[in-house]
Protein chains: 2
Amino acid sequence: MNDIKYPNQVQRWSVFEVSCPGFSDKNPFVDYCIKGLFSSKNESVEVDGFYDGDGVYKVRFMPSFSEKYSFKITGSFSDSKNSGEFEATPATGNNHGPVRVANQFHFAYEDGTPYYSVGTTCYVWTHQPVPLQEKTLETLSNGYFNKIRFCVFPKHYDYNLRDPETFPYEGRPMDCSVLTKENFQEYVGNPEGNNWDFFRFNVRHFQLFEKRIEDLMKLGIEADLIVMHPYDRWGFSHMTAEQDDFYWKYVVARFAAYRNVWWSLANEFDLMPQKSIEDWERYAAILCEKDPYNRLRSIHNCRHFYDHTRPWITHCSIQRTDMHKTAEFTTDWRERYGKPVVLDEITYEGNINHCWGNISGQELVRRFWESAVRGGYSGHGETYEHPDDVLWWSHGGELHGESQERIKFLHKILCQTPGLGLTHHQVRLVFGSQGAFTWDDVVGVPCDLLYSSSYYLIYFGIFRPSFRIYHFDDINTYEVDVIDTWNMTITKAGTFKGRFRVDLPGKEYIAVRVRKI
Amino acid sequence: MNDIKYPNQVQRWSVFEVSCPGFSDKNPFVDYCIKGLFSSKNESVEVDGFYDGDGVYKVRFMPSFSEKYSFKITGSFSDSKNSGEFEATPATGNNHGPVRVANQFHFAYEDGTPYYSVGTTCYVWTHQPVPLQEKTLETLSNGYFNKIRFCVFPKHYDYNLRDPETFPYEGRPMDCSVLTKENFQEYVGNPEGNNWDFFRFNVRHFQLFEKRIEDLMKLGIEADLIVMHPYDRWGFSHMTAEQDDFYWKYVVARFAAYRNVWWSLANEFDLMPQKSIEDWERYAAILCEKDPYNRLRSIHNCRHFYDHTRPWITHCSIQRTDMHKTAEFTTDWRERYGKPVVLDEITYEGNINHCWGNISGQELVRRFWESAVRGGYSGHGETYEHPDDVLWWSHGGELHGESQERIKFLHKILCQTPGLGLTHHQVRLVFGSQGAFTWDDVVGVPCDLLYSSSYYLIYFGIFRPSFRIYHFDDINTYEVDVIDTWNMTITKAGTFKGRFRVDLPGKEYIAVRVRKI
């Protein structure tokens, strides 16, 4: 056999990969195993490796410190014993480490840089033809979003009837030429005509997938991986518990070392009646056991939430359950779950027939702002009808809407807030102008500066006051900006002391930023 | 003494008034009484009369049938006994009789003509200078609204600091020149400086007020009289129980005979902590005892509803209690209270600083449509800043907004619905196009034709589908119109059978009307 291969150095928080030749007889996915033990002055981490085809096994590891590491590779995959050393060098460029929960309701990179989530969703962009994938990356390179949700498995759904570029298993899919817009629903949960070996992965599928995780990492975008989902004609959502667990372990072994990975156990878990709460808890247990980095973990709902108080859930991944009132609930959900609130699905900008995909850009951006000032984070998606059924929400490609530029603008404003993260400043009913705020101001204050009264971000949404009176105190001077969140302008209203009036344009989607000088 | 005066005939459902000379010594409001008993083949009604100043007492009566009536006037007001006869002639023109509850959740005039409420609010338009009152009537003559809410008492509130043209009592008000935008709130509930005789009404105030009730009647507009309210610097909201009851009886004696009168016991009753539920129930009992016509009765809230299940309440008069979700609750409130749901305050079109008065015309009209297809009725109000503080919501005058024309358009569509009143057709989640509707259609059906599937009014609000698939049955043919509720256009989409696709403009505020041929 040949020797193992690995680099002498990698950047801290990057993937260190050891490539090991091994047995290729029998079923290497099942019949052989590989593990790695990585040690440095500050950590000692054991991880599972995985079979990557062609007689090659791999072990991936993310060093959390910039220092010398040594490692040992063990397992039945080979008769030889392997070990080595490498150096983790300091992080550079946009490498700030993995994203963690910070200040209870917010996120920061491991180096302490605040992370204000502005996500999008392209469920199966990595399953599209390569030119379309490249187009998606080109669109994403504009910096509209810093998180994207997408699926490991391919998707079968309205507007999603074509076969993916690759399948995750060895075998043969059903004939998709029989599908029409009218009959496709009959094939959901009915995997007849498919023929898969659920114990032999198609490594090409995973290799291409993790290439895209890397591409996103370079763009500074978090990869919110949807590991299971119900939109399926191939049987991937109807595997046995043994097959599911086998899949979960393989997924974790391959992807966990990428610092930008977040785990989304499912999209719309409650549309998978074939999986019980015990199943989801078992997957979570596998994840907690096998992912040594404690990547962010959540699970996304359709009609009712998973119990986000479960200790393994790091943040709420929410699909709104009401048609009209959505981001306004951010405050309640923060209180109920005591965790970051990420509104991953809050209705998409678009014009398709489905009600979850046809609001205006204005309304979507309003929901982003409404959640932002309340200390939560909304997610984008776009579903405009397209002659070739290429919709950003599933396929990626180009954006045709109006919200993305405004979301980028919001992100810029959030990055300018002091400290880490906003919290909703709940104001009591004070008539007229006799308090700092009236009950209809939706006010975000930095959670690090709760009692300093030095910064307020006030958002009016659909309400259109032509002026507001504020009176914080009689001592300090405040600098006030009027922000048109739709037209993306910031206008200085002036500096004020005592009781003062701020003139406003009397139109929708206006914010006011107040900063103590 | 002189003889009593009365006409020989009046139209059915009009005011028959008997004018009687009487004693003017002592305090005629307190020390003398007058009653009338009116009899015909079909009814026998006793009503209280009232002192109208200058030694004149009056008794008013609305005949409910077109037939001969006789009457007797009794009481201590005079030593003479009086009686007479008159003829009630058939109703003509826009006289359809008083509005009654019909089909449980709706309204109809007493002659059976459906009444689809499209209301507005000008709280104290009758207390403004006469030219402004005339301007209000001119605006109302455009037929935008068929109901208006306004107060018997004058109003003290932001934008409402001037004295009214007349006061309801003999006496002297506080000096209003001391009031400013900043200090006016201090005078609420603090009637110092006023000097009233709460047992001597200023009859001029009431005479002018009922002239306006008559003007509205001629325009076919219901007068939703707000008998009490908290916006007060004169002490009218802080009278004793005896004074309150005295006022209530006088109001009923004067106004009950006008067929277009509705009784609103209060605006924002819950902002009057000085009145208990027992007080409101006592006023209601007076009303039920003294108003022989059983005019519509309700009570309007601020933060929480009165118990609209109370038997004396004929319909819910609701101020929305949530900033964002308002008319969407119509379905719930209908179910909870089992009565007509009138959303009298649902945020006004405008741009003032107060959040209850600064939404767009689009959003207000959306709320009207949302309630309409759910079988409820919204109310209009307008609060645009004005150089002389003349805001439609309080003062009347001219309208500056965009919603009124669209409200008139909605009313026209409602008048074209078959039967009497819509009800929300609650649809179950059916994927895609496999049912008549998907869960996101908000569908109104005529409550008289619930099971005939012959008429649907579907409203999309902020949702912007570019098409919808419908499939009602395979037998009937349906005529489909696409209604742009904002641009007020009705476009024929065609006639269809079986499963069919309706192309839509993919913008906000679209409705679809489906009629079986």
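The values are calculated or read from the model by the stated rules, or taken from the named source; none is laboratory data. Remember, predicted model here, so these are calculated numbers, not experimental data. Note that we place each Cβ from the backbone using ideal geometry, even for glycine, and neighbour counts take in every protein chain shown. Ligands, DNA and RNA are stripped out before the accessible areas are found, and what is left, the full protein with its side chains, is counted by its heavy atoms. Shrake-Rupley method; radii C 1.70, N 1.55, O 1.52, S 1.80 Å.
Across the range A:279-335, what is the total count of residues that are β-branched (Val, Ile, Thr) and within 14 Å of chain B (Cβ to nearest Cβ)?
So the count comes out to 4.
Inside the range B:432-466, can you point out the residues that are open to solvent by 20 Å² or more (accessible area, probe 1.4 Å), modelled with pLDDT under 90 and among the charged types (D, E, K, R)?
Across the range B:432-466, the qualifying residue is only B:ASP448.
Residue check: is B:ASP3 at positive phi and open to solvent by 70 Å² or more (accessible area, probe 1.4 Å)?
In short, no.
Hey, among A:ARG282, A:ARG297, A:ARG320, A:ARG310, which residue is in contact (Cβ under 8 Å) with a residue 12 or more places away in the chain, under 27 Å from A:MET62 (Cα atoms) and surrounded by 19 or more Cβ atoms within 10 Å (Cβ to Cβ)?
Matching residue, one of A:ARG282, A:ARG297, A:ARG320, A:ARG310: A:ARG297.
Looking only at residues in the range A:63-75 that are in a strand (DSSP E or B) and of a type in the set (S, T, N, Q), which one is most open to solvent (accessible area, probe 1.4 Å)?
Here the answer is A:THR74.
Taking B:ALA327 as meeting all but one of (1) under 26 Å from A:PHE329 (Cα atoms); (2) touching a Pro at 6+ places or on another chain (Cβ under 8 Å), write down the number of the exception.
Condition (2) is where B:ALA327 drops out.
I'd like the full set of residues that are outside any loop (DSSP other than H, G, I, E, B), within 23 Å of B:TYR157 (Cβ to Cβ), within 13 Å of another protein chain (Cβ to nearest Cβ) and open to solvent by less than 10 Å² (accessible area, probe 1.4 Å), limited to the range B:339-366.
Those that are outside any loop (DSSP other than H, G, I, E, B), within 23 Å of B:TYR157 (Cβ to Cβ), within 13 Å of another protein chain (Cβ to nearest Cβ) and open to solvent by less than 10 Å² (accessible area, probe 1.4 Å): B:GLU349, B:GLY350, B:CYS355, B:GLY357, B:ILE359, B:LEU364.
When the residues of the range B:123-182 are narrowed to those that are aliphatic (A, V, I, L, M), surrounded by fewer than 21 Cβ atoms within 10 Å (Cβ to Cβ) and farther than 13 Å from B:LEU208 by Cα, which ends up farthest from the other protein chains (Cβ to nearest Cβ)?
It comes out as B:LEU137.
What is the residue count in the range B:451-469 for residues that are within 16 Å of A:MET323 (Cβ to Cβ), facing chain A (nearest Cβ under 7 Å) and hydrophobic (A, V, I, L, M, F, W, C)?
The total comes to 2.
Scan B:SER394, B:SER371, B:SER378 and give me the residue that is within 14 Å of chain A (Cβ to nearest Cβ) and within 18 Å of B:ASN146 (Cα to Cα).
B:SER371
State whether one or more residues within the range B:419-426 are within 14 Å of chain A (Cβ to nearest Cβ) and within 19 Å of B:PHE460 (Cα to Cα).
The answer is yes; a qualifying residue exists.
Filter the range B:194-233 down to the residues that are closer than 19 Å to B:GLY381 by Cβ, assigned to a loop (DSSP other than H, G, I, E, B) and open to solvent by less than 10 Å² (accessible area, probe 1.4 Å) and list them by number.
B:ILE221, B:HIS229
Does B:LYS408 count as away from chain A (no Cβ under 14 Å), surrounded by fewer than 21 Cβ atoms within 10 Å (Cβ to Cβ) and over 30 Å from B:TYR451 (Cβ atoms)?
For B:LYS408, the condition - away from chain A (no Cβ under 14 Å), surrounded by fewer than 21 Cβ atoms within 10 Å (Cβ to Cβ) and over 30 Å from B:TYR451 (Cβ atoms) - is met.
Tell me, which residue of the range B:76-115 that is closer than 18 Å to B:SER44 by Cβ and not acidic (Asp, Glu) is surrounded by the most Cβ atoms within 10 Å (Cβ to Cβ)?
Across the range B:76-115, the extreme among qualifying residues is B:ALA88.
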